[in-house]
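What follows draws every value from the coordinates through simple rules; no lab data is involved. The structure displayed is predicted, hence computed values, not measured ones. Cβ placement follows ideal geometry from the backbone for every residue including glycine, while neighbour counts extend to all protein chains displayed.
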Amino acid sequence: MDLKNKVIKVPTKIIIPVITFIIGAIFFSIGAFEYGFWDSVGQKPTKGFFPVIIAVGLMALSVLAFVNGLRDKNKMVEFRLENWLVPIALILMILSSMVFGLVLTVAAFIVIWLKVYEKQSWKIVLIALAIVLFIVVGCFNIWLGIDFPMGFILDMIIG
Amino acid sequence: MENFQMLFHGFTVVLSLQNIGACLLGAVLGLVVGAMPGIGSLAGVALLLPLTYKFNPTTAIIMLGALYYSNMYGGSFSAILLNIPGDSPAVMTALDGYPMATKRKRPGQALFTANMASFVGGTIGMIILTFMGPALADVGLHFGPAEMAVLLLVAMTSIGWLVGSNPTNGVVLSLVGILIASIGMDLQTGSPRFNFGNIYLLGGVKFIPFVIGTVGFAQVMRLMDEKEDTTKSEITEKLTIRGSLLTPHDFKRLLPPAIRSGIMGTFVGVLPGAGATTGAFLGYAMQRAFKNEDPLGSGAVEGIAACEAANNAAAAGSFAPLLALGIPGSGTGAVLLGGLMMWGLNPGPLLFTNEPEFAWGLIASLFLANLLTLIIALGIIPVLIKILSVPVKVIIPIIMVVCLVGGYSDTYSMYGVIIMLISGICGYVLEKSGFSTAPMLLAFVLAPLLEDNMRKAFVISGGSVSGVFFNSAISIVLTVVFIAIAATPIVRAILTKCGVLKVKKAK
C-alpha cells in the first residue's frame, strides 16, 4: 500500500470540541460531586473548587468552538497516513525495548528506518547511528547517568 | 546603580568554570538546533530540557537561559541561505537576507549582519531588562493573591487570544491545559485529585514528557509532510569567516536600525503574546519610515538589522515579566518557565528579593550567552550550509529517539514515554485542526500558581466574588481587561452573525 499519498479526511474541528466538552463534564462531575466546591464550615474553597470553575468555562467554550467548527467550510482535516508511522514506530520501540533493551532497539530502529524505509546510503545510516548512540549512550547513559531498560533477554542472561 | 551592582554579583555567580561550560554548551546546542530546518525554538528548547539534569539548579538555569537565547540566533540562518525561515521571527529576515545572499552575492555578510544585529538588539534588551525586571517586581510586590490571580487570568487568555487564528480554540486549549495540570495531588491539602485510580497519575502529568510530546514529537509527525522537500542552497560561493566580515560602511548602516529596533523590540517582548515574531514584524515596518541605502526587500543591510535586532531584543525583554511576575510571553517562554520551576525557582515579585543569586545569575548568563553565541555563530559560518543541508528524512528518526529517551529520562519508566506519545499525537491532531498548543503549555505551567492565588483570594474575601475581582484599583483594571479579552470571541461571533462583521474568506 502506498502510504505516501494516502490521505484520510476527519472532521476534527467538530470532534475536538466534543472531546473537550466531555473532558469538562468529567472534571465538573468529579470536582463538584466527589470533591465538593466550598467548605461552608471552614469558609474556604475545597479541592474541587478551581477545577469546577475551569470545567464550566471549558464546557461553555467547547459549545462555541463546536458551532464554529460546524460553520467552518474546511472542517474536514486531511491526515496523511504516512505521518502515523511515527507513533506506530514509537509504540513498537516501547515494546521492543522491554524485550531487547532500549539501546539495541534505537540502534535497530535507526538502521531499519533509514536503510529499509528511507533507502538511504550506508554512509548516512552509519553517521545517523553514530549520532544517536552518542546522544543515547554518551549523553543520557554515561553523562547524565540514566539507566535504560536492558530488556528481559539481557536481564535473564545477566541473572 | 544598585541594579548594576546586583548584575555584577550575578556575573560572579556565572563566571565559574562549570557555569561558563554549561552556558557554552547551551549556546552551541541552542544554535545548532535553532538552525536545523523544521525544528524551531519551541521544540528545540523542549527537546534539550533533559540535558539540564546533570547540573545543580543555578547551573541548570544558566544553561536553560543560554539554550533559549541562542535558539533565537539560529532561525535566521536557513532564512538567509535557503529562504526557509527556521522559525516565525525569521520570516522577516528572509525578505532581505536571502536577496543579499543570492542576488548581491554576499551570503557571509548577510549572516554576519544578522549575527551582529542580534547581538546589538539582545544587548540593548538585556540592559533594559536589568532595570525593568526589578522595577516590574516592585510593582508586583503591591499585588496580593487576588491581583495575581486576575493577572494570571489576563496572561492566559491573552496568549490564547493572540496565538493562532481562532481565539476560541486558544482559550479552549488553555482551559484544557489547566485541567491537565490539576491532575495529581492537591497542593493545599496533599490529597489525591483526578488520578482516576492510577498510581502513576498521583504524581501528576510530568512536565518534561508532556512538553516534549506536545511540541517535539508533534513536530516530528508534522515533519513527515516535508521529508521529500529538498533544501539545496543556491549559494555557490565558499563561506569563510574572513570573507564574511563587514566593512566599516556596513557597520554604519547596521547600527542605527539595530539600536532603534533593539529598544522597540524590548518593549514589545514585555507584552504577553507579542514576543519575537511581532517584534521582528514591527522592527521591519518601522525601518520603512527611515532612509535605506538599498530598497527594503532587495537585500538591504538595514532590513536584516532591523528585524534581527528586534526579535532578539524581544526575547530578552520577555524575561522581565517572566522573572518579575512569573508570566511568560510565549510558548517557548512557558517551556523555559516550566524548566525554571522544575529546578525550584519560583518566578514572581519576590524572586529578586528572596533569590537574587538565581535572578541576577540568570540575567548575567544572558549577557554571557549573547557574547558566546555571537562568537560561535560567526565561527560556524563556514559549515553552516552543511548543517542546513541535513535532509529532513534523516532528522526525523533522530528526533524520535531524542523524544523517546527524553520522555524516559524524566520518570525512569515507560510512563514518561507514554505521556510523551499521547501528548505528541494530541499536539499533532490539534495543530492540524487549527488549535494552537502554545496556550495549553502556558496554562499548564501557570495553573498551579493561578489555583493557589485564587483559593487564597477567596479565603481572604470569605467567598465573595466581588472581594476578589473588585477589591482594589489594580484588580478592577485587570478584571476589566480580562473580561474584554475573554468576551471578544463571543462578541465577535454575535457581530458576525448580525452581519456587522464580515467573515474573512480563506485564500
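Report the chymotrypsin sites (Phe, Trp or Tyr not before Pro) located in segment B:189-298 that are in a DSSP loop and have at most 14 other Cβ atoms inside 10 Å of their Cβ, or state none.
B:Phe196, B:Phe290
Which angle from 0 to 90°, rounded to the nearest 10, does the C-alpha axis of helix B:392-411 make with the longest principal axis of chain B?
30 degrees
Which distance in nm do the two modelled labels at B:Phe4 and A:Lys6 give, with both placed 7 Å along the Cα-to-Cβ direction?
With each label point 7 Å from Cα toward Cβ, the separation is 6.8 nm.
Given the pairs B:Lys432/B:Lys497; B:Lys103/B:Lys252; A:Lys119/B:Lys227; A:Lys44/B:Lys206; A:Lys4/A:Lys75; A:Lys9/A:Lys75, which are separated by over 18 angstrom at their Cα positions?
Too far apart for the 18 Å limit: B:Lys432/B:Lys497; B:Lys103/B:Lys252; A:Lys44/B:Lys206; A:Lys4/A:Lys75.
Grab the beta carbon distance between A:Ile26 and A:Leu144, set R0 = 30 Å, and tell me the FRET efficiency rounded to 0.05.
For R0 = 30 Å, the calculated efficiency reads 0.20.
Arranged from highest to lowest average of other beta-carbon atoms within 10 Å per residue, in what order do the peptides B:136-142, A:72-78 appear?
The peptides rank, most packed first, as B:136-142, A:72-78.
With angles folded into 0 to 90 degrees, how steeply does helix A:102-111 sit against the dominant principal axis of chain A? Use alpha carbons for both and round to 10.
70 degrees
Whole-Hz Karplus ³J(HN,Hα) for segment B:62-74, in order, using 6.51 cos²θ - 1.76 cosθ + 1.60 and θ = phi - 60°, x for Gly and Pro?
5, 5, 4, x, 5, 4, 4, 5, 5, 4, 5, 6, x
Is the C-alpha gyration tensor of chain B telling us rounded, prolate or oblate? Criteria: a/c under 1.5 is rounded; beyond that, a/b larger than b/c is prolate, otherwise oblate.
rounded
Take peptides B:292-305, A:117-130, B:60-73 and line them up by average Cβ neighbours within 10 Å, highest first, as a rough protection proxy.
Going from most to least packed, we get B:60-73, B:292-305, A:117-130.
Counting only other chains, and only Cβ atoms inside 10 Å, what mean value do you get across the residues of B:110-118?
The per-residue average across the peptide is 0.
Tell me which residues come under 5 Å, amide H to amide H, from A:Trp38 once H is placed; ignore anything under 5 positions away on its chain.
A:Thr46
Please report the spacing between the Cα centers of segment B:390-453 and segment B:110-151 in Å, no decimals.
If you average the Cα positions of each part, the centres end up 27 Å apart.
Given points 7 Å out from each Cα along the Cα-Cβ axis, report the B:Leu245 to A:Asp39 separation in nanometres with one decimal.
Calculated label separation equals 7.1 nm.
Quick check: net charge around B:Lys252, other residues with Cβ under 15 Å of its Cβ, Lys/Arg +1 and Asp/Glu -1?
Overall, the nearby charge balance is -1.
Would you compute, from DSSP H runs of 4+ residues alone, the mean residue ellipticity of chain B at 222 nm, taking -39500 (n - 2.57) per run and dividing by the full residue count, rounded to the nearest 500?
The helix contribution divided over chain B gives -23000 deg cm²/dmol.
Between A:Val77 and residues 5 or more places away or on another chain, which pairs have amide H atoms under 5 Å apart, with H built 1.01 Å from N, and which residues are they?
A:Val10, A:Thr12, A:Lys13
So if we plug the beta-carbon distance of B:Asn354 and B:Phe470 into 1/(1 + (r/R0)^6) with R0 = 25 Å, what FRET efficiency do we get, rounded to 0.05?
Step by step, r from the Cβ atoms, then E = 0.25.
Can you give the average number of partner chain beta-carbon atoms within 10 Å of each beta-carbon in peptide A:86-98, as a whole number?
5
Can you tell me the FRET efficiency between A:Glu78 and B:Ala285 if r is taken as the Cβ-Cβ distance and R0 is 35 Å, rounded to the nearest 0.05?
0.55
Tilt of helix B:275-287 relative to the longest C-alpha principal axis of chain B, in degrees (0 to 90, nearest 10)?
Taking Cα atoms only, the helix is inclined about 50 degrees.
Average partner chain C-beta neighbours within 10 Å, per residue of A:122-129?
For peptide A:122-129, the averaged partner shielding equals 2.
So, in nm, how far is label B:Lys252 from label A:Trp122 when the simple model puts each one 7 Å beyond its Cα toward the Cβ?
Output for this residue pair reads 6.0 nm.
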